[in-house]
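Here is the structure we will look at, set down as structure tokens.
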Amino acid sequence: MRRREEGDLAACVTALAAAHVHSGYPHLWPEDPAGWLTPDGMTAAWVAELGGRVVGHAALCGNEVSRLYVAPGAHGHGLGARLLDAIDAEAALRGLRLVLEVQTANTAAVALYERRGWVRRGTERQWWGTGAAAEEVEVHRYDAPAPPPGAVVTPR
């Protein structure tokens with residue numbers, strides 16, 4: 001696990017393509033995948049490596065966990081949890097209470113978040129995409145587990 005560097009983007013896109021084929025994440029393939037991995041407001045990003053290859057990614061945008069995925073060939077090594085650990089540590093340094101949204105169909109991600117104590121705050125239908133490519137999807141909204149007593153958290 002390490003901070004993402006500019007030179008990692010091509011490998012991140014390759015891992016993203018594998019995740020997309022395997023699990024449908026992201027739901028709509030972006031026209032510019034490298035740009036999609038660097039959204040406006042991104043605070044920091046990390047990569048997960050296995051055998052010297054980038055196989056996972058996560059970003060922090062404000063207080064939102066974003067662009068979190070692990071390539072299917074690297075599942076089962078705890079990399080998704082380790083990416084979340086990196087974001088948790090950064091959020092703690094910044095005094096942030098994390099939030100995220102996940103498509104309800106992504107049952108593996110839902111299970112990870114719920115195992116780690118994330119609290120589902122709602123489920124809603126959203127329109128993703130534009131024009132004829134727009135699709136209605138269902139997403140869960142989560143808040144991170146409550147911080148330990150005495151922790152200072154910046155309000156959202």
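The values are calculated or read from the model by the stated rules, or taken from the named source; none is laboratory data. Just so it is clear, the model here is predicted, and its values are computed rather than measured. Reconstructed Cβ throughout: ideal geometry from the backbone, glycine too, with neighbour counts over all protein chains shown. Surface accessibility is based on the protein's heavy atoms, side chains included, excluding ligands, DNA and RNA. Shrake-Rupley method; radii C 1.70, N 1.55, O 1.52, S 1.80 Å.
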Report task. Return the long-range amide H neighbours of Val55 (sequence gap of 5 or more, or a different chain), with a cut-off of under 5 Å between placed amide H atoms. Result -> Ala48, Glu49, Leu50
Query - Descending principal axes extents, the chain, alpha-carbon based, whole Å - result: 45, 38, 29
Query raised in the report: In whole Hz, what ³J(HN,Hα) sequence does the range 35-51 give by Karplus (6.51, -1.76, 1.60; θ = phi - 60°), x for Gly and Pro?
Result: x, 4, 6, 10, x, 4, x, 5, 8, 6, 9, 10, 10, 10, 10, 9, x
Report summary line: Here the membrane-span-like helices of the chain, with no claim about any membrane, defined by DSSP H, Cα axial extent at least 18 Å and mean Kyte-Doolittle at least 1.0, are 9-23
Query raised in the report: Accessible area per residue, 1.4 Å probe, Å², for the range 1-51: what's the number?
Result: 54
Query raised in the report: How do the peptides 19-28, 65-74 rank, highest first, by the average count of neighbouring beta carbon atoms within 10 Å per residue?
Result: 65-74, 19-28
Requested in this report: Keeping all protein chains in position, work out how much accessible area Met1 exposes to a 1.4 Å probe, and write it in Å² to the nearest 10.
Outcome: 70
Query raised in the report: Ignoring ligands, DNA and RNA, what percent of the accessible area of the chain is carbon or sulfur (1.4 Å)?
Result: 52
Requested in this report: Have a look at the DSSP beta bridges in the range 1-114 and tell me what percent are antiparallel, nearest 5.
Outcome: 95
Query raised in the report: What's the center-to-center distance, using Cα atoms, between the range 97-137 and the range 35-58 in Å?
Result: 19
